[in-house]
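The values are calculated or read from the model by the stated rules, or taken from the named source; none is laboratory data. Quick caveat, the model's predicted, so the values are computed rather than measured. Glycine gets a Cβ as well: all are built from the backbone with ideal geometry, and neighbour counts include every protein chain shown.
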Amino acid sequence: MTALRIEAGFLDDPALALVLDAIPEARIVGGAVRDALAGRAVADVDLASPLAPDAVMGRLRAAGLKAVPTGIAHGTITAVADHRGFEITTLRRDVQTDGRHAVVAFTDDWLADAARRDFTINAMSMTRDGVVFDHFGGVADLRAGVVRFVGDAGTRIAEDYLRILRFFRFQARYGAGVPDQAATAAIAAGVAGIARLSVERVWGEMRRILAAPDPCAAVALMERLGVLAAVLPEGTAVGRLAALVGRGAPEDPVLRLAALLAGDAASVAARLRLSGPERVRLMAVRDGSALAAGASDDDMRRALADMPAEVLIGRVWLADGDAGLIARIAGMAVPVFPLRGRDLAAAGVPAGAVMGGLLRDVRGWWMAGGCVADAPSCRAEAVLRLAMAEDGLRLPCADARRRL
């Protein structure tokens with residue numbers, strides 16, 4: 001085992017200090033240790049403790065801290081200090097696994113707990129004074145850019161097939177050079193296990209992969225090992241994703257999925273159960289055409305009146321990434337049709353098909369004119385259209401015209 005001491009700014013966090021004062025045996029584990037060693041910003045701080053969950057809760061409450069049993073069956077308590085949550089999980093060892101879930105037993109053995117984790121870079125722990133305990137060479141792997149399974153790669157994958165996708169998530173962010181051969185061989189052999197995962201978990205990992213600063217090498221490796229076809233059997237275009245990233249497009253997983261997909265966006269969104277907003281944006285970006293570089297201001301306003309700017313910009317990124325066009329879209333105010341149903345109702349126009357048709361017709365006139373007509377102009381157009389319809393509709397149009 002390797003042990004070294006590092007300086008980590010987050011260790012000075014007063015809220016974390018309150019928790020560690022209550023549970024002095026606890027150590028920081030997982031991503032916080034990895035990112036501190038890598039010199040990256042630390043987001044969430046998770047802890048592990050050799051104490052049983054009930055003992056952890058008792059210690060926290062005795063210290064005046066709130067203790068929430070958020071996952072007590074698996075040994076996880078959330079400590080709340082200064083309105084912030086810190087997960088504390090009792091050390092565990094696996095008793096039985098089924099390819100996705102594990103039956104665990106609590107232990108006080110730090111090595112046993114580290115041995116059940118996925119990758120060496122995630123299996124380290126750190127005390128409050130910055131001493132890092134590294135049982136499996138995670139420090140060296142992190143420095144070398146190697147994402148390596150703890151112990152036998154095939155065994156780790158068979159315990160939880162989600163680890164296949166997690167490998168590519170960490171490879172995209174921490175990997176450098178040639179990927180670990182034992183890992184890639186075990187992944188290729190275990191691809192069929194991906195079918196046992198819930199689609200929500202699959203999309204959750206794919207979202208994180210695609211959100212990496214540059215996921216292209218990891219996605220290309222997924223394609224080579226057969227993982228990408230298992231996740232997106234509808235078809236993919238890895239080269240189109242690479243082109244999008246190369247153009248400097250934002251680190252947007254939905255936009256990148258739109259570039260990567262070669263199949264039907266609607267069926268992929270439904271199968272992977274994307275959220276409503278994700279599904280709508282994926283289909284709008286993927287299936288619509290981009291504005292031309294020479295589009296007039298009128299054309300741009302018409303497009304913005306019907307479609308969110310982020311969708312129009314996404315289409316440009318997919319097409320060619322024209323920076324000038326993107327800047328024009330981003331800098332243009334979104335036009336808002338200034339006539340509302342309440343304006344017509346106040347003038348005595350009856351609700352229903354008549355009002356709906358009038359609003360639709362006036363909005364069409366407003367759009368044709370480049371979306372620049374103001375509220376008085378739109379009301380005047382409504383008056384004109386009411387006058388034209390008066391005889392056929394048998395409405396009190398004259399009165400409505402006066403009110404408008």
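Some values worked out for this structure:
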read-out	value
Test: Thr70 is in contact with an Asp or Glu (Cβ under 8 Å, 6 or more places away or on another chain), surrounded by fewer than 15 Cβ atoms within 10 Å (Cβ to Cβ) and of a type in the set (Val, Ile, Thr)	yes
Filter result (at pLDDT 95 or above and in a helix (DSSP H, G or I)) within the stretch 325-341	Leu325, Ile326, Ala327, Arg328, Ile329, Ala330, Gly331
Neighbours by Cβ (under 7 Å, 6+ apart or cross-chain): first from the stretch 360-382, in a loop (DSSP other than H, G, I, E, B); second among the basic types (Lys, Arg)	Gly370/Arg301; Gly370/Arg302; Cys371/Arg301; Cys371/Arg302
Residue within the stretch 276-287 that is at pLDDT below 95, on the phi < 0 side of the Ramachandran plot and not aliphatic (A, V, I, L, M) present	yes
Checklist (1) assigned to a helix (DSSP H, G or I); (2) within 25 Å of the chain's Cα centre (by Cα) applied to Gly321, failing item	(1)
Ala17 over 27 Å from the mean Cα position of the chain (by Cα), exposed (fewer than 15 other Cβ atoms within 10 Å of the Cβ), closer than 23 Å to Ala123 by Cβ and in contact (Cβ under 8 Å) with a residue 24 or more places away in the chain	no
Any hit, the stretch 2-9, residues being at pLDDT 95 or above and either surrounded by fewer than 20 Cβ atoms within 10 Å (Cβ to Cβ) or not assigned by TED's automatic domain parsing to the domain that holds Glu87 (or both)	no
Any hit, the stretch 41-56, residues being under 25 Å from Ile157 (Cβ atoms), in a strand (DSSP E or B) and among the small types (Gly, Ala, Ser)	yes
Test set (1) under 28 Å from Ile6 (Cα atoms); (2) surrounded by 17 or more Cβ atoms within 10 Å (Cβ to Cβ); (3) modelled with pLDDT under 95 - Gly177 fails condition number	(2)
From Ala183, Ala158, Ala218, Ala188, residue being touching a strand residue (DSSP E or B) at 6+ places or on another chain (Cβ under 6 Å) and either surrounded by fewer than 19 Cβ atoms within 10 Å (Cβ to Cβ) or assigned to a helix (DSSP H, G or I) (or both)	Ala183
Residue list for the stretch 86-136, filter: under 27 Å from the mean Cα position of the chain (by Cα), at pLDDT below 95 and part of a strand (DSSP E or B)	Gly99, Ala102
Residue count, the stretch 159-179 (criterion: farther than 14 Å from Ala38 by Cβ and either of a type in the set (Lys, Arg) or in contact with a Phe, Trp or Tyr (Cβ under 6 Å, 6 or more places away or on another chain) (or both))	3
